[in-house]
Amino acid sequence: MLAVLGRLYHGLINALAALAAILIVISIGLVVLNVASRSLGYGSFQATIAITEYILLYFTLFSAPYLLNTRGHVMVDMAVKNLRGLPRRILESIIYLIGITVSMIFLVVSIGIMRNAIARGHFDERSIDLPYWLLYAGFPLCFGLLTIEFLRYLLTSRSLYDSTDTSEGL
């Protein structure tokens, strides 16, 4: 049962990362089409900037759990790398607890903002009108997954700072 949940969990993280990659390709395509349209004298697409802004937000959200899971994000690890044994484990645990706390805050606040926006029917008014809750729709899922990832680091022997590549990091 746990193996099935693990596969589903990793499948979800990988699917979000793939969706993030697709969104970036769409964003690049929109910008290229917009520039080409203006160059050919047809004018600019009204919604390109707004859609690209949404894509950048969702790209960041959707890729974050994958990057944390694979240790693919940028981090400064000078202090942790210079420690050994119990002091290192304590510092890592503090870092994981901070990650859990921040992720949970974003999770709870984003749910509250979404509920409020849905209840009031607010819209994000730019070149296109989109429901305001759409800005926050990815936050609960992605910050929930980030919370789980930090918990996994905290509760297992896995370390965010272990690496076989000695040339990476600062």
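The magnitude of the dipole of the range 1-126, with charges of +1 and -1 set on the Cβ of Lys/Arg and Asp/Glu and taken from the Cα centre, is near 380 debye. In the range 20-117, taking the dipole from charged Cβ atoms about the Cα centre, the farthest positive-side position among V80, A64, V35 is held by V80. For the chain, the longest principal axis of the alpha carbon atoms and the long axis of helix 48-70 meet at an angle near 20°. Once the Cα atoms are used to define both axes, helix 2-39 deviates from the longest principal axis of the chain by about 40 degrees.
Here, the chain is characterised by an Rg to Rh ratio of 1.07, where Rg is the alpha-carbon radius of gyration and Rh the Kirkwood radius.
Summed over the residues of the chain and divided among them, the accessible surface reaches 62 Å² per residue at a probe radius of 1.4 Å. Measure off, as a whole percent, the carbon and sulfur share of the 1.4 Å-probe accessible area of the range 37-84, all protein chains present. Answer for the range 37-84 is 63 percent, counting heavy atoms of protein chains only.
Using the Cβ-Cβ distance between A21 and I90 with R0 set to 41 Å, the FRET efficiency from 1/(1 + (r/R0)^6) comes to roughly 0.65. Its Cα gyration tensor gives the range 26-69 an equivalent ellipsoid, and the semi-axes of that ellipsoid, as √(5λ) in whole Å with the largest first, are 29, 9, 4. For the chain, relative contact order (Cα pairs under 8 Å, six or more residues apart, normalised by length) works out to 25 percent. Farthest towards the positive end of the charge dipole of the chain, among the residues L151, I22, L134, is the Cα of L151, using unit charges on the Cβ of Lys, Arg, Asp and Glu.
If you model the range 1-82 as an ellipsoid using its alpha carbon gyration tensor, with each semi-axis the square root of five times an eigenvalue, the axes come out at 35, 18, 8 Å, biggest first. For the pair the range 9-32 and the range 36-77, the centres of their Cα atoms are 9 angstrom apart. Relative contact order of the range 66-152, taken over Cα pairs closer than 8 Å and 6 or more residues apart, is 33 percent. Taking Cα atoms only, the orientation of helix 138-155 departs from the longest principal axis of the chain by about 10 degrees.
The values are calculated or read from the model by the stated rules, or taken from the named source; none is laboratory data. All of these numbers come straight from a predicted model, not from anything done at the bench. Glycine also receives a Cβ, built like all others from the backbone with ideal geometry; neighbour counts cover every protein chain displayed. Note: accessible area is taken over every heavy atom of the protein model, side chains too, but ligands, DNA and RNA are not part of it. Shrake-Rupley method; radii C 1.70, N 1.55, O 1.52, S 1.80 Å.
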